[in-house]
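The values are calculated or read from the model by the stated rules, or taken from the named source; none is laboratory data. Model, not experiment: these values are computed from the prediction. When we count neighbours, we look across all protein chains shown, and the Cβ atoms used for this are built from the backbone with ideal geometry, even at glycine. Side chains are part of the model used for accessible areas, which takes the heavy atoms of the whole protein and leaves out ligands, DNA and RNA. Shrake-Rupley method; radii C 1.70, N 1.55, O 1.52, S 1.80 Å.
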Amino acid sequence: RKEVEQDPGPFNVPEGATVAFNCTYSNSASQSFFWYRQDCRKEPKLLMSVYSSGNEDGRFTAQLNRASQYISLLIRDSKLSDSATYLCVVKRGGGTSYGKLTFGQGTILTVHP
Amino acid sequence: GAGVSQSPSNKVTEKGKDVELRCDPISGHTALYWYRQSLGQGLEFLIYFQGNSAPDKSGLPSDRFSAERTGGSVSTLTIQRTQQEDSAVYLCASIQGYNEQFFGPGTRLTVL
């Protein structure tokens, strides 16, 4: 089983739609969680961190459920510019390779007019 | 300030040749990662350097791959006797503490 798993999609949604991505992780020692965004043929960039209490940044809301080892990202009022691959990222909290980041395979989102 | 830089940006080589890929992390960042990404695929972890600790080499796909980080700064990823399946974008990233992991633009390797 992969350490971080995501639904690869693709998700094709119209502008203005709300879309949600899910991610599960297997290592209970995971400490920190992030969503990264990767545009076509570009390097990944941090979108937002994910906190236990849930956090929001404009149209984006991230949730963490430690008991279920589950992370989500909600995008409201989708824009064409949101089209990208969204990567779920988990940071190891203990044991060997402390601090190592593991990336999910990514979820492809395409927002169309 | 300057971000993570990688060189070369593109490398075309013949099967069986050795290649060296370079990464200059952000100054002061103690952690450095190498990943590779094949077309349409996710990021594949290769190796992780953290300060003076022994590197985590668990992601290196074969003994043809090696990496070093000199003086806690610049890193070189070496692929010996390249194969066509080594063709991918090789990404380097650096991080300081609990902050954001910054990626370089990558080196696109094509093995003919």
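Observations
- Once you divide the Cα radius of gyration of the protein assembly as shown by 2.2 N^0.38 Å, the number left is 1.03.
- Sorting B:92, A:40 on solvent-accessible area from highest to lowest, probe radius 1.4 Å, gives A:40, B:92.
- Chain lengthening between residue B:108 and residue B:22 when straightened (0.36 nm per residue, less Cα-Cα): 29.8 nm
- Rounded FRET efficiency, nearest 0.05, which uses the C-beta distance separating residue B:10 from residue A:74 and R0 of 35 Å: 0.40
- Most tightly packed first, judged by the mean number of other beta-carbon atoms within 10 Å of their residues, the peptides B:15-23, B:83-91 read B:83-91, B:15-23.
- Rounded percent of accessible protein surface that carbon and sulfur make up, chain B, 1.4 Å probe: 45 percent
- Cβ screening of the protein assembly as shown for cysteine pairs under 4.7 Å finds these without a partner: A:40.
- Where region B:24-112 is the region considered: accessible area per residue in Å², 1.4 Å probe: 45 Å²
- Ranking by accessible area, most exposed first, for A:41, B:108 with a 1.4 Å probe: A:41, B:108
- Heavy-atom accessible surface of residue B:66, to the nearest 10 Å², is about 60 Å², with a 1.4 Å probe and all protein chains retained.
- Candidate aspartates and glutamates for bridging to residue B:57, where Cα separation is under 20 Å - those fewer than 8 sequence places away on the same chain excluded: A:3, B:18, B:20, B:24, B:44, B:68, B:85, B:86
- Global geometry of region B:64-112, whether rounded, prolate or oblate, following the gyration tensor of its Cα atoms and the 1.5 cut on a/c: oblate
- Summary value for chain A: 37 percent relative contact order, contacts being C-alpha pairs under 8 angstrom separated by 6+ residues.
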